[in-house]
1. Can you list the HN-Hα couplings for segment B:147-152, worked out from phi with the Karplus curve (6.51, -1.76, 1.60; θ = phi - 60°), rounded to whole Hz and with x for Gly and Pro?
2. At 0.36 nm per residue, minus the direct Cα-Cα distance, what do B:Arg6 and B:Ser246 gain on full extension? Give it in nm, one decimal, please.
3. Return the lysines within reach of A:Lys86: Cα separation strictly under 19 angstrom, same-chain partners fewer than 8 residues apart disregarded; answer none if there are no such residues.
4. Please give the net charge around A:Asp103, taking every other residue with its beta carbon less than 10 angstrom from that of A:Asp103, where Lys and Arg add +1 and Asp and Glu add -1.
5. Amide H to amide H, which residues 5 or more places from B:Arg280 or on other chains are under 5 Å from it, using H placed in the peptide plane?
6. Check cross-link reach from B:Lys152 to the lysines: straight Cα distance under 17 Å, and skip same-chain residues fewer than eight apart.
7. Starting with the highest mean, order B:257-269, B:140-152, B:104-116 by the number of other Cβ atoms within 10 Å, averaged over the residues of each peptide.
8. Kindly identify segment A:27-101 as rounded, prolate or oblate by the Cα gyration tensor criterion: order the square roots of the eigenvalues as a ≥ b ≥ c, call it rounded if a/c is under 1.5, otherwise compare a/b with b/c, prolate if a/b is larger, else oblate.
Amino acid sequence: MCGLCGVFLTETHWSDVSMSRPGSGGRTRRHERLHRVAQANRILKQYGLKLTDWQGSAYLLASRTGQTVIVPSVAAVWPAAERLRKQSIDPLDERLIEALEHD
Amino acid sequence: MTSGNRPTPVNVLTGFLGSGKTTLLQRLLRSPRMERTAVLINEFGEIGLDHLLVQQMDESVLVLQSGCICCSIRDDLKSALRGLLSRRERHEIPAFDRVVIETTGLADPGPILYTLLSEPVIRHHFQLGNVITTVDVVNAGLHLSRNPEGIKQVAAADRLVLTKSDLAEPGQSAVVRDELARLNPSARLWDAAEDPVDVDFLLDMMPSGTPPVPARYRLEEGVAQERGSTAGKPTAPGELRRHTDSVSSFSLMLDRPMDWTAFGVWLSLLLNRHGDDVLRVKGILCVEGTETPVFINGVQHIVHPPQHLERWPTEDHRSRIVFITRGIDQGRLRRSLQAFCRLQVAELSAA
């Protein structure tokens, strides 16, 4: 646990790993996290949810009514989002695919 | 860890009841290359028959005591691997540089892989190697129909070992081969009755030059032609095919380098909702910002840490991903990936 903010330090999830080679001119870690948040928000906005980075160590998932949860990785966002929305978020849902195709 | 601080590879040997796992293990253990191998055997039921058969491994053999490795004793697997580690460090057992886990015939490989990839101490000291699945050619249809875990074992395999093909009816072996190639085109086949034991081929994840995704598909609409397999063809008639019809495999090719971050977000969402039915995802990816390919490998909800390969196995540097799914609309999956990653995704079919 981080002594300053009380955040549990966990193993990095595979989807939170950057695959850019060091020195390749790829994104910085900070930029990478913001890009990951932006990508997740392309899905989440379809369900009235928004993700933000929290101190570079976790993510904040919020609904339009202000309900907020902290999640450690993008992979943990989806079950949390489904609990907040009380509905499944299915990447194979025809409506979601059409929304993404016109995004 | 072994000398040089490299994680010790762990191979999982699985397969239906009576499909020849122990026989294969015994053949492997006769190789001098296997001298420094620790073996974990899963004892199912009251009598450890398997233990009796391979007891010559003595100090390195550890029998897991409480039944099926997957559903009831994942903690035992954790304890067994930690115990091996501890005993090696204390020099109570000979040094070993590989572990082979023989599962029960009823084992779902998922929880075993999950334990190996997620338990903090184990993932630090051990590294998952090939999953080897034995398939009894004579009884493949019976096994796949009676054992719902059988298809998961086939899907999770990196190497599929055909056994008892010398006892099969003429043509039976070809039918099973074709069906296995349809179910899991990313696995490589080896016939235990015909071929001498090749330890490197069976146990090493990727011997140099081996493409993790086989070039056995052609692009729809004839954009690219590659030589290939029977995957996708209805070659397995009757009984065998009827039991595996809900499972399909397909391969996707992406037209240009992908945004790894976007792909990771999409795949994590797919596995969150459909992980039970994504029996396998395996691919070699051309990722923006890196010259070398990235290898991904997942079994249901469990994804290996993605890794950079040293080089592309062929001149074709486009991303290819093989999915083995159950009851998933593959056209919709392709469209979903295409829309989210903003790439053209072509579906490949059997050549």
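Read-outs throughout are calculated quantities, based only on the coordinates presented, and are distinct from any laboratory measurement. Not measured: the values here are computed from a predicted model. A quick note on method: Cβ atoms are made from the backbone with ideal geometry, for glycine too, and the neighbour counts reach across all protein chains shown.
1. 10, x, 7, x, 5, 5
2. Working: separation 240, 0.36 × 240 = 86.40 nm, distance 4.02 nm.
Working it through step by step, the gained length comes to 82.4 nm.
3. Filter leaves A:Lys45, A:Lys50.
4. Computed value for this residue: +1.
5. Placed amide hydrogens put B:Gln300, B:Ile324 under 5 Å from B:Arg280.
6. B:Lys21, B:Lys282
7. B:257-269, B:104-116, B:140-152
8. Oblate, since a/c reaches 1.5 and b/c is not below a/b.
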